[in-house]
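Where a number appears in this text, it was derived from the coordinates with a stated rule and is not lab data. What you see is a predicted model, and the numbers here were worked out from it, not measured in a lab. Don't worry about glycine lacking a Cβ; one is built from the backbone with ideal geometry, like all the others, and counts go over all protein chains shown.
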Amino acid sequence: MQANKRVIVAIIISIIGFIILCFGLYFSYKEKTTSGFLITGVGLIIEFISGTIFYLYNKIIIKMGEYHKKLVLTQNISLALKASEDLELENRTKVKIKIVESLLQDINRYLSEKI
């Protein structure tokens, strides 16, 4: 939810920056060069700030995806081991070993690949 608020703020800042940038270009066109350059510079700074917020939002989304991926993996391992608890004692150990081997077979590759 907090990440969504950041993107909304970035959109609003971007729109405000674009409007200020347009005013700066308008004043530059009307030969009020000092104020036009100043306003255009402010608009560019605001656009840079909003671009930085969008970039950070993108990084947050990627990290959240990686976190959830690891969470699902942990949940799958826990569920598989819990399901093996209901088996007979003689088969339980064999099944647990087989479950752990199959789940952990490519775990490093799975955890390190990008989303």
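Here the contact order of the range 2-112, divided by its residue count and restricted to Cα pairs under 8 Å and six or more residues apart, works out to 22 percent.
Rounded to the nearest whole Hz, the Karplus-based 3J(HN,Hα) values (6.51 cos²θ - 1.76 cosθ + 1.60, θ = phi - 60°) of the range 85-98 follow the sequence 5, 7, 7, 5, 4, 5, 8, 4, 5, 4, 5, 4, 4, 5, with x at glycine and proline. If you wrap the tightest convex hull around every Cα atom of the chain and split its volume per residue, you get 87 Å³.
Ranked by the mean number of other Cβ atoms within 10 Å per residue, highest first, peptides 34-47, 68-81 order as 34-47, 68-81.
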